[in-house]
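K.L.:
Have a look at this one.
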Amino acid sequence: MRFYSLPADKVVDILKSNSRLGLSNTAVKDRIKKFGYNKLKEPKKKNLFLRFIDQLSDFMILILIIAAVVSFIISKLENNNDYIDSIIIILIVIINACVGVVQENKAEKAIEALKKLSSYKTNVLRNGKEAVIDSEMLVPGDIVFLNTGDFVPADARIISANNLKVKEDALTGESVAAIKDANVCLKEGTNIIDQKNMLFSGTFVTTGKCTCIVTATGMNTQIGKIANLINKQDSPNTPLQKSLHKTGKLLGLSAIIICIIIFALGLLQNIDPLKMFMISISLAVAAIPEGLPAVVTIVLALGVKRLADNKAIIRKLPAVETLGSADVICSDKTGTLTQNKMTVQIVSDFKDILKPSSESSEIILSLAALCNNAKTIRSNNKIYALGDPTEEAIVNAYNSLGKDKKVLDDLFVRIDEIPFDSNKKFMTTLHKTPTGKYRIISKGAADILINKCTKFLNNGKISDITNFERQLIRKQNEAMASKALRVICVCYNDTNTLPSKDQLNKNLIFAGLIAMLDPPRKEAKQAVKDCQLAGIKPVMITGDHIITAKAIAKDLGIYTTDSKAICGYELDRISPENLKDKINDYSVFARVTPEHKVKIVKAFQQNNNVVAMTGDGVNDAPALKAADIGCAMGKNGTAVAKEAADMILTDDNFATIVSAIKQGRTVFENIRKTIHFLISSNIGEIITVLSAFLLNLPSPLLAIQLLWVNLVTDSLPALALGVEPVEKNIMLKKSKNEKGKLFTKKMAFEIAVEGFFIGTISMLAFCIGRSYFDSFDNTDIARTMAFCVLSLSQLIHAFNVRSDLSLFKIGFFSNPKMIFSFFVCLLLQISVVCIPFLNSVFKTVPLNPVQWLIVAGLSLSPLVIIEIEKALFKKPCHDS
């Protein structure tokens, strides 16, 4: 159906809808059955079997499987029982693959959960009432209301529009916003680009508002027709995952070279080539940290859940990594640092504060209530305003005089509107008066609107304005702003003829000023202190007057004697090079535009800072994208801002950003701990086997034992480290701005030393067993002791990695999951030594009490040594 060629009312009839009532619940259910949900089909996902095959497709795993099969065939041909080893090796490889599939599945579910958390809502008319629903629930025939910053959720025919412009570049490629018109009917065959009366899914409203009727949903929309192209996008790896992939490749290559050396040494010692090949390949498989990416993704996903529980929804996984490195937070004032609960405190004319009940006060409030999009609702015989907090405050103040905005709106019918714009800093409405004239009303920033006034209102009389009156108005404005009040200027003009749009804001009459209080959030002051202790610079960015901004910033502790404040027009005079040198001097930016925000972000970034930026409007999108962490407002933010952001604050609260940084630091530290643990353990395995062959000793570990150690220690303890609780001193550690950087030189040194130590004590266990408990030609006890020490020392080492602080300070039982993983893995390791059936499978022998004491002493030694090192050398707030 070519809806663009039909009048809007005809489209409503064809779709069996009602522009005043919308659809009924029954009609919606029937249409969902007929048309389906309003979402695009997703590409088919790999089934479990294909994922399992992918896990086995790694080059080293394939070689190990081939080697095990060859060993099985040779053993069968020679009629010996060594083929059991091959079966167990393949079984362990299969178990590892299954664990990999489970981890991959968890990671995918986490990413899907991200999409659900940030799903879009739409305002619709259902059963005669406005409702907010998930966009997926829209059906053809739904009446939808869209405002500036909203995404268009489905294809729709416009019923009515006010100054509507829509950015359609996602569909048409046109970078300039398209001007829309509800009243045109177009010829059949009109190109999509020229369909001025239609809206298309995936585009967004840049200016104005409209009412429209949904004509197509899901795969039937214009964007649905090219959905196959869209759905080919894969989730990109995060910077940390990319860094990890490179690290894994380097470690893998090193492990393979060492394994080739071990294989050669074994051959020189006349060890059976097939047996030596199996040991070498098994060591390579055990030593290469192939499970790291999956473990890190799961840790990131767990971090995302923690953040969501703390009212911060992560839209893009890299934000979790970057959060921990943030050292500058550029925050909007209104609603983020303040409560966004406006109340009118003062109404003033050009020089005096007016009594609330005075005629002059009523005139000023009535003008502001007309130039206002807040709606009034009745509840318990009281009238309340619903809308933008500033506009709510004005309407509530007007209604408190015993008046009713609805009556006022009926008397002065609105004809047109120029919405508020963060660049021009005011809004304008045009009304028809009861006498047939036209009234223009503007409200916004006083310092902007004063310059558009040629007259002023004084006790009901209109006089020409001079510089003297302008100066008095500015003084009034500054006096109220210094009390941390937000000041709104109200102007108007009456004309006999309908003015053109370019004449709306000329020759205005100054009516008065309205000052409102928006108190700081109670938790914001402490959050600012927490930032400063953590080495994070809090910065206030606002469109308000600089005096208001400084007053509130001073109260919160952002603006101090050591910092400066600057206005947007002053920023325009500073070159990017000079701003880079001066940016750290400023903590308050007032009267800024969205373009200024981008300039501020880039200046901080040029000083090697990691910047978090908040935003809520359409024009904030560039700054949110430019920032290292873009934070959109969940309550008052536009859909466009949310789409551009990395994180959405569901409570629009500055303290939530600080809490999110705390969680982000914890996630990043936990990932580092996991990597630290896994790589140091893998180095221990390599050192154990390599040292034996360098010393011309028998192999201390068999292929099956190496794979078992890899299976037991690379899974549960690593994941337990990933959910390590938040450290008490995490926000006292100064951010080192290591975005995506996994290793410091100190961390790499510690990993190497700890890996060498684990390898050394495992080799020592082998030598003790061989010297004191085994016969000359038998190494069963020695091998069993080395096997146990290697496995158990790694489990113990996981406790070392938990914190830079002593275990006695953080508490042995402060991470219950670590305790659980330790005992499960301990039980598994003991079972392969003590259960006769498993003895024959893993080539172990039961140990006597003395041998177990030696194993226990050696396994606990990493804990003792590192506890001594922590006590002697590590500071409480050590940066890893």
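K.L.:
Look through Gly637, Gly630, Gly615 and report the one residue that is of a type in the set (Gly, Ala, Ser), touching an Asp or Glu at 6+ places or on another chain (Cβ under 6 Å) and open to solvent by less than 10 Å² (accessible area, probe 1.4 Å). Break it down stepwise before answering.
P.N.:
Values: Gly637 fails: open to solvent by less than 10 Å² (accessible area, probe 1.4 Å); Gly615 fails: touching an Asp or Glu at 6+ places or on another chain (Cβ under 6 Å).
On inspection, the qualifying residue turns out to be Gly630.
K.L.:
Out of Ser793, Ser803, Ser814, which single residue is under 21 Å from Lys870 (Cα atoms) and surrounded by fewer than 21 Cβ atoms within 10 Å (Cβ to Cβ)? So that I can check it myself, show each step before the final result.
P.N.:
Working: Ser793 fails: surrounded by fewer than 21 Cβ atoms within 10 Å (Cβ to Cβ); Ser803 fails: surrounded by fewer than 21 Cβ atoms within 10 Å (Cβ to Cβ).
Going through Ser793, Ser803, Ser814 in turn, the sole match is Ser814.
K.L.:
Being over 34 Å from the mean Cα position of the chain (by Cα) and aliphatic (A, V, I, L, M) narrows it down to one residue among Ile566, Ile552, Ile473; which is it?
P.N.:
Ile473
K.L.:
If I go through the stretch 440-459 residue by residue, how many of them are under 22 Å from Asn372 (Cβ atoms) and in contact (Cβ under 8 Å) with a residue 60 or more places away in the chain?
P.N.:
Keep residues of the stretch 440-459 that are under 22 Å from Asn372 (Cβ atoms), which gives 440-450, 452-453, 456-457.
When the remaining residues are screened for being in contact (Cβ under 8 Å) with a residue 60 or more places away in the chain, the result is 440-443, 445-447, 449-450, 456-457.
Result for the stretch 440-459: 11.
K.L.:
Which strands (runs of 3 or more DSSP E) does the stretch 342-405 wholly contain that include 1 or more residues that are under 26 Å from Ile473 (Cα atoms)? Give the steps one after another, and end with the answer.
P.N.:
Values: elements: 343-348, 375-379, 382-386.
Counting at least 1 such residues, we get 343-348.
K.L.:
Taking into account only those residues within the stretch 359-391 that are open to solvent by less than 10 Å² (accessible area, probe 1.4 Å) and over 40 Å from the mean Cα position of the chain (by Cα), which is farthest from Asn493 (Cα to Cα)?
P.N.:
Ser361
K.L.:
Also: Within the stretch 80-89, is even one residue at pLDDT 70 or above and either open to solvent by 50 Å² or more (accessible area, probe 1.4 Å) or assigned to a loop (DSSP other than H, G, I, E, B) (or both)?
P.N.:
Initial filter on the stretch 80-89 (at pLDDT 70 or above): 87.
Cutting the leftovers down to either open to solvent by 50 Å² or more (accessible area, probe 1.4 Å) or assigned to a loop (DSSP other than H, G, I, E, B) (or both) gives us 87.
Within the stretch 80-89 (the criterion being at pLDDT 70 or above and either open to solvent by 50 Å² or more (accessible area, probe 1.4 Å) or assigned to a loop (DSSP other than H, G, I, E, B) (or both)), the answer is yes, since at least one residue qualifies.
K.L.:
Right, something else. Name the single residue that is surrounded by the fewest Cβ atoms within 10 Å (Cβ to Cβ) among those in the stretch 13-45 being in contact with a helix residue (DSSP H, G or I) (Cβ under 7 Å, 6 or more places away or on another chain) and modelled with pLDDT under 80.
P.N.:
Lys41
K.L.:
Residue under question is Lys843, and the condition is that it be closer than 23 Å to Asn670 by Cβ and of a type in the set (Lys, Arg); does it hold? Spell out the reasoning first.
P.N.:
Working: closer than 23 Å to Asn670 by Cβ: no; of a type in the set (Lys, Arg): yes.
It is false that Lys843 is closer than 23 Å to Asn670 by Cβ and of a type in the set (Lys, Arg).
K.L.:
Scan the stretch 476-503 residue by residue and report those that are of a type outside the set (Gly, Ala, Ser) and without any contact (Cβ under 8 Å) to a residue 40 or more places away in the chain.
P.N.:
Just the residues of the stretch 476-503 that are of a type outside the set (Gly, Ala, Ser), to begin with: 476-478, 480, 483, 485-499, 501-503.
Those that are of a type outside the set (Gly, Ala, Ser) and without any contact (Cβ under 8 Å) to a residue 40 or more places away in the chain: Asp502, Gln503.
K.L.:
Could I ask something else about it? Are any of the residues in the stretch 590-600 modelled with pLDDT under 90, among the hydroxyl-bearing types (Ser, Thr, Tyr), in a helix (DSSP H, G or I) and touching a Lys or Arg at 6+ places or on another chain (Cβ under 9 Å)?
P.N.:
Within the stretch 590-600 (the criterion being modelled with pLDDT under 90, among the hydroxyl-bearing types (Ser, Thr, Tyr), in a helix (DSSP H, G or I) and touching a Lys or Arg at 6+ places or on another chain (Cβ under 9 Å)), the answer is no, since none of the residues qualifies.
K.L.:
Conditions: (1) closer than 30 Å to Ile377 by Cβ; (2) open to solvent by less than 30 Å² (accessible area, probe 1.4 Å). Phe145 meets all but one. Number of the miss?
P.N.:
Every condition holds for Phe145 apart from (2).
K.L.:
Now, a different point. Has the stretch 157-171 got any residue that is charged (D, E, K, R), in contact (Cβ under 8 Å) with a residue 40 or more places away in the chain, within 28 Å of Asp30 (Cα to Cα) and open to solvent by less than 50 Å² (accessible area, probe 1.4 Å)?
P.N.:
In the first step, residues of the stretch 157-171 are kept if they are charged (D, E, K, R); the result is 157, 165, 167-169.
Subset that is in contact (Cβ under 8 Å) with a residue 40 or more places away in the chain: 157, 165.
This time we only want the ones that are within 28 Å of Asp30 (Cα to Cα), so: 157.
Filter once more, keeping what is open to solvent by less than 50 Å² (accessible area, probe 1.4 Å): 157.
Yes, the stretch 157-171 contains a residue that is charged (D, E, K, R), in contact (Cβ under 8 Å) with a residue 40 or more places away in the chain, within 28 Å of Asp30 (Cα to Cα) and open to solvent by less than 50 Å² (accessible area, probe 1.4 Å).
K.L.:
Which of the following residues is in contact with a Gly (Cβ under 7 Å, 6 or more places away or on another chain) and at pLDDT below 95: Ser422, Ser400? Lay out the reasoning, then the answer.
P.N.:
Working: Ser400 fails: in contact with a Gly (Cβ under 7 Å, 6 or more places away or on another chain).
So the residue among Ser422, Ser400 that is in contact with a Gly (Cβ under 7 Å, 6 or more places away or on another chain) and at pLDDT below 95 is Ser422.
K.L.:
Go through the residues of the stretch 392-402 one by one and say whether even a single one is charged (D, E, K, R), under 42 Å from the mean Cα position of the chain (by Cα), within 30 Å of Gly568 (Cα to Cα) and open to solvent by 10 Å² or more (accessible area, probe 1.4 Å). Give the derivation first.
P.N.:
Taking the stretch 392-402 as the starting set, the residues that turn out to be charged (D, E, K, R) are 392.
When the remaining residues are screened for being under 42 Å from the mean Cα position of the chain (by Cα), the result is 392.
Still in the list and also within 30 Å of Gly568 (Cα to Cα): 392.
Pick out the ones that are also open to solvent by 10 Å² or more (accessible area, probe 1.4 Å) and you get 392.
Checked the stretch 392-402: at least one residue is charged (D, E, K, R), under 42 Å from the mean Cα position of the chain (by Cα), within 30 Å of Gly568 (Cα to Cα) and open to solvent by 10 Å² or more (accessible area, probe 1.4 Å).
K.L.:
Is it true that Ser463 is surrounded by fewer than 19 Cβ atoms within 10 Å (Cβ to Cβ), among the small types (Gly, Ala, Ser) and either under 36 Å from the mean Cα position of the chain (by Cα) or assigned to a helix (DSSP H, G or I) (or both)? I'd like the intermediate steps shown before the answer.
P.N.:
Working: surrounded by fewer than 19 Cβ atoms within 10 Å (Cβ to Cβ): yes; among the small types (Gly, Ala, Ser): yes; either under 36 Å from the mean Cα position of the chain (by Cα) or assigned to a helix (DSSP H, G or I) (or both): no.
No.
K.L.:
If you check Ala534, Ala549, which single one turns out to be buried (at least 16 other Cβ atoms within 10 Å of the Cβ), in contact with a Ser or Thr (Cβ under 8 Å, 6 or more places away or on another chain) and closer than 27 Å to Lys483 by Cα? Full working, then the answer.
P.N.:
Values: Ala534 fails: closer than 27 Å to Lys483 by Cα.
Among Ala534, Ala549, only Ala549 is buried (at least 16 other Cβ atoms within 10 Å of the Cβ), in contact with a Ser or Thr (Cβ under 8 Å, 6 or more places away or on another chain) and closer than 27 Å to Lys483 by Cα.
The values are calculated or read from the model by the stated rules, or taken from the named source; none is laboratory data. In this text, all values refer to a predicted model and were calculated from it rather than measured experimentally. Heads up, the Cβs are rebuilt from the backbone with ideal geometry, glycines too, and the neighbour counts pull from every protein chain shown. In case anyone asks, the SASA skips ligands and DNA or RNA and just uses the protein heavy atoms, side chains included. Shrake-Rupley method; radii C 1.70, N 1.55, O 1.52, S 1.80 Å.
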